[in-house]
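The values are calculated or read from the model by the stated rules, or taken from the named source; none is laboratory data. In this text the structure is predicted, and so the values were computed from the model without any measurement. Counting neighbours? That spans all protein chains shown, and the Cβs are built from the backbone with ideal geometry, glycine included.
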């Protein structure tokens, strides 16, 4: 994770302040990365539901040529039925904290 963080140089890294996330926050900060703890107070389903209007109004965009786009789209469309929902969870956290950058050359899901 540290290697990827240095490679992509995000402005912020959001992590749940629980379990492994708590110690990872300290490690990332020690590496000079902007790790911010989040403490969700609602279920994943409720948090996703709150962000749904942003998807419906085409305010959430992803790079059209991203090799991971089809897998992400499948996860989003299957949520919450799919066992693996880590990407949906991460995106809703980012949207809630308004750290998701919207750029050009992207496709709306």
Quiz prompt | Residue in the stretch 13-34 that is farthest from the chain's Cα centre (by Cα), counting only those that are exposed (fewer than 12 other Cβ atoms within 10 Å of the Cβ) and not in a helix (DSSP H, G or I) | solution = 32
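Test residue 77 against the stated conditions and say whether it is in contact with a strand residue (DSSP E or B) (Cβ under 8 Å, 6 or more places away or on another chain), surrounded by fewer than 18 Cβ atoms within 10 Å (Cβ to Cβ), without any contact (Cβ under 8 Å) to a residue 40 or more places away in the chain and outside the structural domain of residue 10 (by TED's automatic domain parsing).
It is false that residue 77 is in contact with a strand residue (DSSP E or B) (Cβ under 8 Å, 6 or more places away or on another chain), surrounded by fewer than 18 Cβ atoms within 10 Å (Cβ to Cβ), without any contact (Cβ under 8 Å) to a residue 40 or more places away in the chain and outside the structural domain of residue 10 (by TED's automatic domain parsing).
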Quiz item: Scanning for something in a helix (DSSP H, G or I), at pLDDT below 90 and out of contact with any strand residue (DSSP E or B) (no Cβ under 6 Å at 6 or more places or on another chain), does the stretch 96-107 turn up at least one residue?
Solution: yes
Exercise. Sort out which residues of the stretch 1-12 are in a helix (DSSP H, G or I) and free of Cβ contacts under 8 Å to residues at least 24 places away in the same chain, and write them in order of number.
Key: 3, 4, 7, 8
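Yes or no, residue by residue, for (1) in contact (Cβ under 8 Å) with a residue 24 or more places away in the chain; (2) within 18 Å of residue 78 (Cβ to Cβ):
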{"position": "28", "(1), (2)": "yes, no"}
{"position": "34", "(1), (2)": "yes, no"}
{"position": "41", "(1), (2)": "no, no"}
{"position": "46", "(1), (2)": "no, yes"}
{"position": "49", "(1), (2)": "no, yes"}
{"position": "56", "(1), (2)": "no, yes"}
{"position": "60", "(1), (2)": "yes, yes"}
{"position": "63", "(1), (2)": "yes, no"}
Exercise. Out of the residues in the stretch 35-58 that are part of a loop (DSSP other than H, G, I, E, B) and more than 15 Å from the chain's Cα centre (by Cα), state the one that is surrounded by the fewest Cβ atoms within 10 Å (Cβ to Cβ).
Key: 41
